[in-house]
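K.L.:
Structure below; questions to follow.
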Amino acid sequence: DHPHRRWVLAGHSLGGAMAAQWAAEHPGQLDGLVLLAAYPTKKLPEDMPVLLLYGSEDGVLNRSNLEKSASLLPHDAVVRQLPGGNHAYFGSYGEQRGDGIAAITPEAQWEWTAEWIERMVSGDLPRDEKS
C-alpha cells in the first residue's frame, strides 16, 4: 500500500488498448488512465480520470473504432487531437507502415504529450463532460 502515491496507467497503440482493458477489469485500483493513439474496448469506470491523445495525421489508429468507443469512456474523459501529429511520434521507434506524415517534429509531439500527461498526473485536467 502506498498512501501518498497516485497510480496512473498509460499505453500507446495496442499497449493503450491493453492498459484500458486492465483498467476496466480492475475498477478502483487506478487514479487515472492515459491512452496514446488508443481506445478502450470495454466500459471504463465513470469515476476514473481518462486522457486520450491522438494525432491528426495518424494513419494507423482506426478512427471508426475510436468514435465507436466514445461510449466506453467516462462521460468527462478528456480527448485531444494534436494537429500535425502522427502515430509513431508518440514513441521513438521511427516510421511505421501505414502512418500519416507528421506536420510537426517528434520533439514537438513529445512535448505536447508530456504536458498533457503532467496535467493528468497533477490532477489539472479539464473535465470535458460529453454527456
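K.L.:
Are there chymotrypsin sites (Phe, Trp or Tyr not before Pro) in the range 1-60 that DSSP puts in a loop and that have at most 14 other Cβ atoms within 10 Å, and which ones?
P.N.:
Counting only loop positions with at most 14 other Cβ atoms within 10 Å, the chymotrypsin sites (Phe, Trp or Tyr not before Pro) in the range 1-60 are W7.
K.L.:
Still on this structure: Tell me the trypsin sites (Lys or Arg not before Pro) within the range 66-131 that lie in a loop according to DSSP and have at most 12 other beta-carbon atoms within 10 Å.
P.N.:
For trypsin sites (Lys or Arg not before Pro) across the range 66-131 that sit outside H, G, I, E and B with at most 12 neighbouring Cβ atoms in 10 Å, the list reads R97, R127.
K.L.:
Something else now. In whole percent, and with a 1.4 Å probe on the protein chains, what portion of the accessible area of the chain is carbon and sulfur?
P.N.:
Ligands and nucleic acids excluded, carbon and sulfur reach 52 percent.
K.L.:
Same structure, new question: Compare the Cα positions of G85, S69, G11 along the charge dipole of the chain (+1 at Cβ of Lys, Arg; -1 at Cβ of Asp, Glu; about the Cα centre) and return the one farthest towards the positive end.
P.N.:
Of G85, S69, G11, it is S69.
K.L.:
So which GluC sites (Glu not before Pro) in the range 45-131 end up in coil per DSSP with only 16 or fewer other C-beta atoms within 10 Å?
P.N.:
E46, E95, E129
K.L.:
Leaving out ligands and nucleic acids, note down the accessible area per residue over the range 64-117 with a 1.4 angstrom probe, in whole Å².
P.N.:
Computed with neighbouring chains in place, this is 56 Å² per residue.
K.L.:
Can you give me the angle between helix 106-122 and the longest principal axis of the chain, using Cα atoms only, in degrees from 0 to 90, rounded to the nearest 10?
P.N.:
The angle comes out near 10 degrees.
K.L.:
Applying the Karplus parametrisation 6.51 cos²θ - 1.76 cosθ + 1.60 with θ = phi - 60° to the phi angles of the range 51-57, what ³J(HN,Hα) value in whole Hz is obtained for each residue in order, glycine and proline being reported as x?
P.N.:
Those phi angles translate into 10, 10, 10, 8, x, 5, 9 Hz.
K.L.:
While we're looking at this one, here's another question. Can you compute the charge dipole magnitude of the chain about its Cα centre, using +1 on each Lys and Arg Cβ and -1 on each Asp and Glu Cβ, nothing else charged? Give it in debye, rounded to the nearest 20.
P.N.:
Dipole about the Cα centre, nearest 20: 320 debye.
K.L.:
A follow-up question, please. Helix-only mean residue ellipticity at 222 nm, the chain, DSSP H runs n ≥ 4 weighted -39,500 (n - 2.57), per residue, nearest 500. What is it?
P.N.:
-8000 deg cm²/dmol
K.L.:
Helix 14-25 versus the longest principal axis of the chain: what angle, 0 to 90°, nearest 10, using Cα atoms?
P.N.:
It works out to around 10 degrees.
The values are calculated or read from the model by the stated rules, or taken from the named source; none is laboratory data. This one's a predicted model, so the numbers in the text were calculated from it and none came from an experiment. Here Cβ is always computed from backbone atoms with ideal geometry, including for glycine, and neighbour counts include all displayed protein chains. These area figures cover heavy atoms from the full protein model, side chains too; ligands, DNA and RNA do not enter into them. Shrake-Rupley method; radii C 1.70, N 1.55, O 1.52, S 1.80 Å.
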